[in-house]
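One structure is given here, and the rest of the page talks about it.
Laboratory data are not the source of any read-out in this text; all were calculated from the coordinates shown. The shown structure was predicted, so the numbers you read here are calculated from the model rather than taken from an experiment. Cβ sites come from the backbone with ideal geometry, for glycine too, and all protein chains shown count toward neighbours.
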Amino acid sequence: MWGGRFAEGPAAVMREINASIPFDKRLWQQDIAGSQAHVAMLAKQGIVSQADASAIADGLATIHGEYREHGVPVDLALEDIHMATETRLAELIGPAAGRLHTARSRNDQVATDFKLWVRDAMDGVDAALAALQMALVTRAGEHAASVMPGFTHLQVAQPVTLGHHLMAYYEMIARDRSRFADARARLNRCPLGAAALAGTGFPIDREATAAALGFDGPTANSLDSVSDRDFALDYLMAATQLSLHLSRLAEEFIIWASQPYGFISLPDAYSTGSSIMPQKRNPDAAELVRGHSGRIAGCMMALTMTMKGLPLAYSKDMQDDKPPVFEAHDLLALSIAAMTGMIETVTFNVPRLRAAAEAGFSTATDLADWLVRIADIPFREAHHITGTAVKLAEHEGLALGELPIDALKAIDPRIDERVYGALSVDASVASRCSHGGTAPEQVRARIAEALVALETAP
Ligand code: ARG
């Protein structure tokens, strides 16, 4: 393709380090779509003849069929998907194929292809996340009033509802979806027509190619157009943050599935056995979701380092943009699907969750709040009185609600029988009815809102 100036072919290692076809063949659909839009515009502008444009368009359609049927052949000598397709086009239609690359460079071509690919990836992730959210909302609805321990420092803190806990992840995923949506909106300007770096003297119509490819319009600066990979980094950063959320939920499932907790059991479909310990049921899928998040963050870091310090405009370093994005995307798609499957099928051990909520003096704050509300004691003092009651209960091996009234009155005479109404885990969660609180009524309100959002989403 660029042999005119060269006397010798490349060294074998040059061919190998230079070629991107082994991975950028994944852009074949976007590459053909970009070329179709480009050649249609060239014909309309009178830059190539209708006859040549038709031959090119037909040839590209044939190649599309070939790639779909047999995959993209990998020939390192053809370097990348752009050259591979153009070479095949020349085989099919002869010298007219050489007109396709008029007023275009591989630099704006690859930027366009990659943007189209990342945009599709974002759309796929968004749809998968909507399904994940639906799974969370569905399970949260089943367990809006199921009581479990809420933790801080992984110590039992206050009772919460399981539905509330699951809806926390719904919120995280909602933010993830908005991050991908932001990134998609920012991405949606078409670089095609920036040519190598400076634009072109041919009378091209960039609005037309942008519209044909579903962009909101052309990019504004040709140098930026061919050297911008922000959209790939935006994708990877959003993917990293999403994968952190998935990893945290995976981690909770791993802890909850362990025997000392026994909060959940994962179905056979998402567990594995041990080759030596017959009793084992390992939460491998959750562990791999947790593990994949590290690799996804690594991909984000890889492209960040690749882009750091590159002068304008295109440099070949930028060819390395694709492998981390492809890898992160594959890991992410698997992680979302596995997590969705686990949420849909996990069994929650409701009695065990309740028992764990009842242990650990989880309603101590409720006692303190009761003292404030009913006996008008300042919170700091109420906290101290409650601490004394917890110490006594611990010493006696009783739950707070099992302490006799005389023992409580001995700690503070302002306590009376009514306090027992505040000490059950159900009373505790029901009392936390502030907006966004854990009370079942609040959880159900948030679920109703979530269902509306999921059903009205574009
Ligand atoms: N395979 C190249 C890439 O992915 C295409 C652009 C090549 N441009 C160039 N000036 N060598 O970046």
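Quick one: Thr345, Thr456, fewest Cβ neighbours within 10 Å first, how do they rank?
Fewest-to-most ranking of Thr345, Thr456: Thr456, Thr345.
Ordered by residue, what ³J(HN,Hα) values in Hz, to whole numbers, does the stretch 69-80 give under the Karplus form 6.51 cos²θ - 1.76 cosθ + 1.60, where θ = phi - 60° and Gly and Pro are x?
6, 10, x, 8, x, 9, 10, 4, 5, 8, 6, 9
Under the rule of at least 5 residues apart or a separate chain, name every residue whose amide H is placed under 5 Å from the amide H of Gly150.
Sorted by chain and number, the residues that satisfy this are Ala157, Gln158, Val160.
For labels at Ser275 and Glu91 in the simple 7 Å Cα→Cβ model, what's the distance in nm?
4.4 nm
Would you kindly state how much longer the chain becomes between Leu244 and Leu392 on full extension, computed as 0.36 nm times their sequence separation minus their alpha carbon distance, in nm to one decimal?
49.2 nm
Once you sort the root eigenvalues of the Cα gyration tensor of the stretch 1-57 as a ≥ b ≥ c, which label holds: rounded (a/c under 1.5), prolate (a/b larger than b/c) or oblate (the other case)?
Verdict is oblate for the stretch 1-57.
Using r as the Cβ-Cβ distance of Leu312 and Ala337, and R0 as 35 Å, what FRET efficiency do you calculate, to the nearest 0.05?
Approximately 0.35, to the nearest 0.05.
What ranking do 226-237, 175-186 get when scored by the average of other Cβ atoms within 10 Å per residue, highest first?
Listed from highest to lowest mean packing, they are 226-237, 175-186.
So if each residue of separation counts as 0.36 nm, and I subtract the Cα-Cα distance between Asp120 and Ala181, what length gain in nm does that give?
Taking Asp120 through Ala181 to full extension adds about 20.8 nm, to one decimal.
Show me, for the stretch 446-455, the HN-Hα J-couplings you get by feeding each phi into the Karplus relation (A = 6.51, B = -1.76, C = 1.60, θ = phi - 60°), rounded to Hz, glycine and proline as x.
Per-residue couplings from phi come out as 5, 5, 4, 5, 5, 5, 4, 4, 5, 7 Hz.
Neighbouring Cβ atoms within 10 Å as the yardstick, rank Glu251, Glu441 fewest first.
Going from least to most buried by this count: Glu441, Glu251.
To the nearest 20 debye, what charge dipole does the chain have about its Cα centre, counting +1 at the Cβ of each Lys and Arg and -1 at the Cβ of each Asp and Glu?
320 debye
Give me the distance in nm between label points sitting 7 Å out from Cα along the Cα-to-Cβ direction at Arg68 and Tyr420, one decimal.
Going from the Arg68 label point to the Tyr420 one covers 7.4 nm.
At what distance in nm do the modelled label points of Leu76 and Tyr261 sit from each other, each positioned 7 Å from its Cα along Cα→Cβ?
Rounded to a tenth, the inter-label distance reads 4.8 nm.
Which of rounded, prolate or oblate describes the stretch 258-384 when judged by the alpha-carbon gyration tensor and an a/c cut-off of 1.5?
oblate
Based on the Cβ-Cβ distance of Glu381 and Leu223, what FRET efficiency does E = 1/(1 + (r/R0)^6) give at R0 = 51 Å, to the nearest 0.05?
Computed FRET efficiency for Glu381 and Leu223 comes out at 0.15.
Among the listed pairs Lys280/Lys391; Lys44/Lys115; Lys44/Lys308; Lys115/Lys316; Lys280/Lys322, which have their C-alpha atoms separated by more than 28 angstrom in this model?
The pairs that break the limit, which is 28 Å between Cα atoms, are Lys280/Lys391; Lys44/Lys308; Lys280/Lys322.
Give, in nm to one decimal, the length gained when the segment between Ile17 and Arg352 is fully stretched (0.36 nm per residue of separation minus the Cα-Cα distance).
Between Ile17 and Arg352, full extension yields an extra 114.8 nm.
5 Å is the cut-off here: which amide hydrogens, built 1.01 Å from N in the peptide plane, fall below it relative to Thr272, excluding neighbours closer than 5 in sequence?
Under 5 Å from the amide H of Thr272: Asn282, Asp284.
Using each residue's phi in the stretch 158-166, evaluate 6.51 cos²θ - 1.76 cosθ + 1.60 at θ = phi - 60° and report the 3J(HN,Hα) Karplus result to the nearest Hz, with x for Gly and Pro.
3J(HN,Hα) across the stretch 158-166, in whole Hz: 9, x, 9, 9, 4, x, 5, 4, 5.
With 10 angstrom as the radius, rank Ile336, Ile411 by how many other C-beta atoms surround their C-beta, starting from the fewest.
Fewest-to-most Cβ neighbours within 10 Å comes out as Ile411, Ile336.
Provide the FRET efficiency to the nearest 0.05 for the Ala127-Ala410 pair, computing r from the beta carbons and using R0 = 60 Å.
So the FRET efficiency works out to roughly 0.45.
Taking square-rooted eigenvalues a ≥ b ≥ c of the alpha carbon gyration tensor, is the stretch 1-135 rounded, prolate or oblate, where a/c under 1.5 means rounded and, failing that, a/b exceeding b/c means prolate?
It is oblate, given that a/c is not under 1.5 and a/b is not larger than b/c.
Which GluC sites (Glu not before Pro) in the stretch 1-81 sit in a loop by DSSP (not H, G, I, E or B) and have at most 13 other Cβ atoms within 10 Å of their own Cβ?
Answer by residue number: Glu8.
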